[in-house]
Amino acid sequence: MAKLRISDDWWTAPAEGDSGNLILVTGRRSMDNVIESGLYRYRVEVTWRYEGDDKALPVYADSKVMEEVTDALNDSFDRDPVAVLTGIYTGDGERNWVFYTRSLHIFQRKFNEVMAPFPALPLEFAAEEDPDWQEYREMCQCEVAQGEE
């Protein structure tokens, strides 16, 4: 079986959180072939709640660790695509990474392996079946809406 091509084309757009604070939404483009494969049925959301600056964005030290974690996760899942990072939401006191995965058990194991070198972080996890990629499709509307302004 041929290796599934996973896009590395990203976009970022501003959005407004429920409290009126800025949220930066970063999404991965061109995921139709991954969605159509039917392999990635589970959505996992990983949340890091942080004490932000006066605009509820992460302070520099936290944002630096967030980017290092993001890069480490992307590198790991690029080599072993058991999961795909599809979206990142940053603002309003939270960083949320959104993944679609083939297996919750394997995702957990790989995630823990990637996180081992990092200090313990206050991460929360939520997972559910989303075979139609509803969250991803909703997130992509942020890019379209921004492009129309």
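Observations, loosely collected:
- Cα principal axis extents for the chain, largest first, Å: 50, 41, 24
- Cut-off of 10 Å, at most 11 other beta carbons, DSSP loop: longest stretch of the chain lacking such trypsin sites (Lys or Arg not before Pro): 56-149
- Rounded to 0.05, the FRET efficiency of the GLU113 and GLU67 pair, given R0 = 25 Å and the Cβ-Cβ distance, is 0.85.
- Sparse-neighbourhood loop sites, GluC sites (Glu not before Pro) in the stretch 1-97 - DSSP loop, at most 15 other Cβ within 10 angstrom: GLU51
- Chain lengthening between ASP18 and LEU104 when straightened (0.36 nm per residue, less Cα-Cα): 28.0 nm
- Alpha-carbon centroids, the stretch 26-72 and the stretch 87-149: separation in whole Å: 5
No value in this document is a laboratory result; all are computed from the given coordinates. This structure is a prediction, so every number in the text was calculated from the model and none was measured. Don't worry about glycine lacking a Cβ; one is built from the backbone with ideal geometry, like all the others, and counts go over all protein chains shown.
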